[in-house]
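First the structure, in the form of structure tokens, and then the observations on it.
Readers should treat all values here as calculations from the given coordinates under stated rules, not as data from a laboratory. Here the structure is a predicted model, which means the values were calculated and not measured. All Cβ positions, glycine included, derive from the backbone under ideal geometry; neighbour counts span all protein chains shown.
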Amino acid sequence: MTRFVESTITFPYRRSLGPMLSAFMTALTERRILGIRCGEAVLVPPMEWDPATGAALPLDLVEVGPAGTVQSWTWVPAPTEQHPVQRPFAFAFVLLDGATTPLLHAVDAGSAAAMADGMRVAPRWRGERVGRITDIACFVPGEQPELDGDDTGPAAQPVEIMDYNARITYRNPVPPSADRAVELSRQQRLVGMRCPQCERTYVGGRGYCPIDSIELGEEHEIDLAHTGTITNFVIITPVQYPGQTETEPFARVFVLIDDSDVVLAYQPTIELPVADVRVGRRVAAVWASPGEEIDAGGGMGVSLGALIGWMPTGEPDIADPDLVNRIF
Ligand SMILES: [Zn+2]
């Protein structure tokens, strides 16, 4: 049975809204929905440009809704955590009263059988509104807007900036060869797999040669040296995004393993100040103590398990100008 590992990448995103979206978002905190006049049309959500001609639109905003009519819809039977409603719901085009273009939003109707083109819906407002489209938690059947939670009132200041986290989750299978590489690392062994065809060596339990499409197994394993030479490095100055635990600049180094062609990329350093990291520097593997918690691997990229980093050996540097060309 294949083991899976889930990895989530999150990064913050900040944008300024400009006068039109700022007015729209600020109005949401007041439980009002604004459209913009575009000739005879009223566009909701408002746009800065006439979608037909590209001409700039004057900031002629008009209140619409709050109720509207479902024009079309699709049912979401199994919402993910990123969906606006955490139980089965519909995404629908809602033509708000007074608007000529529909707003895409969620409708919480309980079941698909309760959904129909032409049904009337009204917003369910969040009690706490911050100037986001999700200030409307969803739409609900009927004419009457609802309020979900205690009303914290409108924004004290116009909403001009929007912060949010972009997020994506990957679910990756972990091949048995990757689990084996981690297990070997617990024995403080750095094991590579040598392709019988091209004689390239792979680490981290890749389990196949991507050049020759040959499956690699235990019969191809070879023990690698625990020493190497830095061929490249990067000094990272951490940005304090959500989840960042580093506060000081730190290094990631590329290590060419002795007596092999293997280059381990983006390795942590131990007892090596960033100012002393340089190409040609000799380093030795540092292993986690038995029982110490380690990265069991299988997420993004290879895991070397109990190999937690590299520290200087104190030997003289290797002066080989070709070292910097050894990235992979
Ligand atoms: Zn090969």
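Ranking of 36, 211 by neighbouring Cβ atoms within 10 Å, starting from the fewest: 211, 36.
Between residue 212 and residue 74, the modelled label-to-label distance comes to 4.6 nm, taking each label 7 Å out from Cα in the direction of the beta carbon.
Taking the beta-carbon count within 10 Å as an exposure proxy, list 105, 83 from fewest neighbours to most. Before the final figure, lay out each step's value.
Working: 105 22, 83 14.
Sorted ascending by nearby Cβ count, the order is 83, 105.
Can you list the residues of region 28-43 with backbone N under 16 Å from a point 7 Å past the Cα of residue 97, pointing along Cα to Cβ? Taking a point 7 Å out along Cα→Cβ of residue 97, the residues of region 28-43 whose backbone N falls under 16 Å are 32-35. Spacing of the modelled spin labels on residue 144 and residue 261, each 7 Å from Cα toward Cβ, amounts to 7.5 nm.
Between residue 198 and residue 160, the FRET efficiency estimated from the beta carbon spacing at R0 = 56 angstrom works out to 0.45. Subtracting the Cα-Cα distance of residue 86 and residue 113 from 0.36 nm times their residue separation leaves 7.9 nm of extension gain.
How much length would be gained if the chain were fully extended between residue 223 and residue 60, taking 0.36 nm per residue of separation minus their Cα-Cα distance, in nm to one decimal?
Full extension from residue 223 to residue 60 adds 51.5 nm.
Only the Cβ atoms of Lys and Arg (+1) and of Asp and Glu (-1) were treated as charged; on that basis the dipole of the chain about its Cα centre amounts to roughly 400 debye.
I need the calculated FRET efficiency for the pair residue 236 and residue 8, taking r as the beta carbon distance and R₀ as 22 Å, to the nearest 0.05.
The computed FRET efficiency comes out at 0.65.
With a Förster radius of 35 Å applied to the beta-carbon distance between residue 134 and residue 250, the computed FRET efficiency rounds to 0.45. Applied to region 207-218, the Karplus parametrisation 6.51 cos²θ - 1.76 cosθ + 1.60 on θ = phi - 60° returns per-residue 3J(HN,Hα) values of x, 7, 9, x, 7, 9, 6, 10, 6, 10, x, 4 Hz, with x for Gly and Pro.
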